[in-house]
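The values are calculated or read from the model by the stated rules, or taken from the named source; none is laboratory data. What you see is a predicted model; the values in this text were computed from it and never measured. We place every Cβ from the backbone using ideal geometry, glycine too, and count neighbours over all the protein chains shown. Just so you know, the surface numbers come from the protein's heavy atoms only, side chains and all, with ligands and any DNA or RNA stripped out. Shrake-Rupley method; radii C 1.70, N 1.55, O 1.52, S 1.80 Å.
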Amino acid sequence: TVVPMSLIGDDAEKRVSEELSMMGFDVVYRSRASRGAFDLLALRGSHQLGLPIKRSQLPLRFTLAEWSRLEAESQKSGWQWIVTAVLPPPENTVLFLDPTRVRKKKEARLTRDAMLDNLLLWLERPHHRKRSLHSRLRTL
C-alpha cells in the first residue's frame, strides 16, 4: 500500500507530539507552508526546541544542504534542536537523537550512537544549552 507522504508526516508528528507532551512540553505544529526547517517546535520552561522528524529506521540520512539549513535555523532562532526518528509500524517508537553526534561526509548521518537516553537530562546539561560564539570557537 502506498501512503501519501503528508499522512506519514502527520502521523509521525502526532506520535512525537504525544511523547513530548508526556514529558511536559507544549508543542507547536509548523505549517507546511512555512517552509521552516523544523517540523515541530516544543516549549518546556525556558527551553525552546526545534525538531525535524523522519519516519525511518536508523541510520538517518540528510543531505549536507538539509543539515546546514537545520543548523542555520537553530542559530538564527536561538533555539536548541534535536533530530527525531519515528520507527515505521509496527514499532512506532520515537527516538531522540543528538545532532552533535552527526557524521558528515557526502551526507549527514545519525546512527544508533546518537540516541538520547533521556531528553530532559540532555536539555539540562550545560554544554547543550545555548552556547556563545566564544565557547563554540574554543571547541574548534
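Points to keep in mind about this one:
- Residue 14 meets each of the listed conditions (1) open to solvent by 40 Å² or more (accessible area, probe 1.4 Å); (2) touching a strand residue (DSSP E or B) at 6+ places or on another chain (Cβ under 9 Å) apart from (2).
- Only residues that are within 19 Å of residue 125 (Cα to Cα) and charged (D, E, K, R) were counted in segment 41-97, giving 1.
To keep it simple, each residue is scored yes or no on (1) at positive phi; (2) surrounded by 17 or more Cβ atoms within 10 Å (Cβ to Cβ); (3) under 13 Å from the mean Cα position of the chain (by Cα).
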| site | (1), (2), (3) |
| --- | --- |
| 53 | no, yes, yes |
| 67 | no, yes, yes |
| 71 | no, no, yes |
| 74 | no, yes, yes |
| 77 | no, no, no |
| 90 | no, no, no |
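- Here the condition is being touching a residue at least 60 places away in the same chain (Cβ under 8 Å) and of a type in the set (A, V, I, L, M, F, W, C); of 64, 49, 58, 70, it holds for 49 alone.
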